[in-house]
Amino acid sequence: MIVSTTAFLRRNNGHGVLPETRPYRFNHRSATGTAAPLDPLSEVFALGFAGDALAAAELAEKAASEHREPGRTRHELGQAGAFWLGVAGKARQAVGRLEDLLGGQYCGVPDDRAVFEVRGDIAYWRGESGDARGALELFEQLLPDVVAALGRDDTHVLSARNHVAYWRGVAGDIRTALNEYRELLTDHERVLGTDDRDTLMVRNNLAFWRGESGDARGALELFEQLLPDVVAALGQEDFYALSARNNVAYWRGFNGDVAGALDHYGVLLKDCETTLGTRNYHTLTTRLQLGLWSGVAGRPDDAIESLGGLLSDVEDTLGTSHELGYSVRHQLARWYGVRGDVGQAFTILERLVAEQRRVLGSNDYRTLASQGLLSRYSR
């Protein structure tokens, strides 16, 4: 249910909704409301969830270096540091940090389950760096090893199957991904129950790929069925409930109800700001959705004003080379072009494409989407 830059960008030069793919154990917010001092790992996650991912990564590395005794604590700090590096838009550096962790050069891996976690994280950030096929290959190599060690019903196995299905879809085999998610949902409900957080996550992913297969109406129906179950199981203010509301709003807009999508995003943004904070990644992506759908609704001036303010906040919070900033700049160029400011659109896109080629590579779908828009305005 994570909001991210993915399939809608490939499809419509926009900003879409991803299924849940980040390392699952890191998706739940750490409790920070107690008066007791936080341990180093909790401090890292509190800082990251407050919106400063790069500072969280640096804090994790510092805490790991100060924690000289090998073992799980030092290992988890190393893992968390790599995670927040990836969230900060430095996927390749996250892979490098994790490879050092796996090889024992950084702080070692305490047990077999931790090895599987690190291998999965390496595969995930490999995909996020733009190498979807490489991610799929790594997860396909990981899956039989986890099954052999832990059995088919272990949560690590279910997570690995989720990743295999997801990256298979990203690599273009959406029909097989859908079939794998249907089978995975059956196993999740049997092993974990229908109200488990990860079972709800798999329902979300199945709905996403239903939409990616071309059945936008079917995707909306599945997301609308999922939302009340998420709220009932997890509560109205749970992070996944906010994400599920985002998905319903997005697919309503994609099915033609643009006014309904805008209304939903307006309410959702207020709740994200209250629950997650104004500089949280997911709050920022909700603002991006508001800007996008304002443009789709025929209000390019509103879109440009909204996205212009958002860009400075994204770059202040996440840095100038984060994928979310790329999406905002892409959308700004798009709506400048719609308004008739072709020169402004061209200037934004020329710089954006050059940076995406340097950071993501020339063949990454995000680079290609921006290049396509730049080619249109070049003519």
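The values are calculated or read from the model by the stated rules, or taken from the named source; none is laboratory data. Quick caveat, the model's predicted, so the values are computed rather than measured. Cβ sites come from the backbone with ideal geometry, for glycine too, and all protein chains shown count toward neighbours. Protein only, heavy atoms only, side chains kept; ligands, DNA and RNA dropped before computing areas. Shrake-Rupley method; radii C 1.70, N 1.55, O 1.52, S 1.80 Å.
With the structure loaded, tell me whether Arg287 is on the phi < 0 side of the Ramachandran plot, under 21 Å from the mean Cα position of the chain (by Cα), crowded, with 21+ Cβ neighbours inside 10 Å and not hydroxyl-bearing (Ser, Thr, Tyr) or whether it fails that test.
So Arg287 fits the description; yes.
The number of residues in the range 268-277 being modelled with pLDDT of 90 or more and open to solvent by less than 80 Å² (accessible area, probe 1.4 Å) comes to 5. When the residues of the range 233-263 are filtered to those that are part of a helix (DSSP H, G or I), free of Cβ contacts under 8 Å to residues at least 24 places away in the same chain and more than 17 Å from the chain's Cα centre (by Cα), the one that is farthest from Ala207 (Cα to Cα) is Asp263. Between Gly340, Gly309, Gly295, the distinction of being under 30 Å from Ala244 (Cβ atoms) and open to solvent by 20 Å² or more (accessible area, probe 1.4 Å) belongs to Gly309 only. Counting the residues of the range 25-45 that are modelled with pLDDT of 80 or more and crowded, with 17+ Cβ neighbours inside 10 Å gives 5. Scanning the range 53-75 for residues that are open to solvent by 60 Å² or more (accessible area, probe 1.4 Å), at pLDDT below 85 and not polar (S, T, N, Q) turns up Glu66, His67, Arg68, Glu69, Pro70, Arg72.
Among the listed residues Leu360, Leu324, Leu292, identify the single one that is touching a His at 6+ places or on another chain (Cβ under 6 Å), at pLDDT below 95 and hydrophobic (A, V, I, L, M, F, W, C).
Details: Leu360 fails: touching a His at 6+ places or on another chain (Cβ under 6 Å); Leu324 fails: touching a His at 6+ places or on another chain (Cβ under 6 Å).
From the options Leu360, Leu324, Leu292, the qualifying one is Leu292.
Pairing residues of the range 264-282 that are among the hydroxyl-bearing types (Ser, Thr, Tyr) with residues that are part of a helix (DSSP H, G or I) and open to solvent by less than 20 Å² (accessible area, probe 1.4 Å), at Cβ distances under 6 Å and at least 6 apart in sequence or on separate chains, gives Tyr265/Ala249; Tyr265/Gln289.
Does Val164 satisfy the condition of being touching a residue at least 60 places away in the same chain (Cβ under 8 Å), under 20 Å from Val95 (Cα atoms) and either touching a helix residue (DSSP H, G or I) at 6+ places or on another chain (Cβ under 7 Å) or not hydroxyl-bearing (Ser, Thr, Tyr) (or both)? Spell out the reasoning first.
Working: touching a residue at least 60 places away in the same chain (Cβ under 8 Å): no; under 20 Å from Val95 (Cα atoms): yes; either touching a helix residue (DSSP H, G or I) at 6+ places or on another chain (Cβ under 7 Å) or not hydroxyl-bearing (Ser, Thr, Tyr) (or both): yes.
It is false that Val164 is touching a residue at least 60 places away in the same chain (Cβ under 8 Å), under 20 Å from Val95 (Cα atoms) and either touching a helix residue (DSSP H, G or I) at 6+ places or on another chain (Cβ under 7 Å) or not hydroxyl-bearing (Ser, Thr, Tyr) (or both).
Would you check which residues across the range 79-92 are touching an Asp or Glu at 6+ places or on another chain (Cβ under 8 Å) and modelled with pLDDT of 85 or more and list them?
At the first step, the residues of the range 79-92 found to be touching an Asp or Glu at 6+ places or on another chain (Cβ under 8 Å) are 79, 81-83, 86, 89, 91.
Passing the criteria: Gln79, Gly81, Ala82, Phe83, Gly86, Ala91.
On inspection, Ala114 does not qualify as closer than 25 Å to Leu324 by Cβ and open to solvent by less than 20 Å² (accessible area, probe 1.4 Å). Scan the range 116-144 for residues that are farther than 20 Å from Gly86 by Cβ and in contact with a helix residue (DSSP H, G or I) (Cβ under 7 Å, 6 or more places away or on another chain) and jot them down. If the condition is that a residue be farther than 20 Å from Gly86 by Cβ and in contact with a helix residue (DSSP H, G or I) (Cβ under 7 Å, 6 or more places away or on another chain), then Glu140, Leu143 are the ones that fit.
If only residues of the range 344-379 that are open to solvent by 50 Å² or more (accessible area, probe 1.4 Å), of a type in the set (Gly, Ala, Ser) and assigned to a helix (DSSP H, G or I) are counted, the one that is nearest to Gly308 (Cα to Cα) is Ala354.
Only residues that are outside any helix (DSSP H, G or I) and of a type in the set (Asp, Glu): list them for the range 146-205, please. The answer is Asp153, Asp154, Asp173, Asp195, Asp196.
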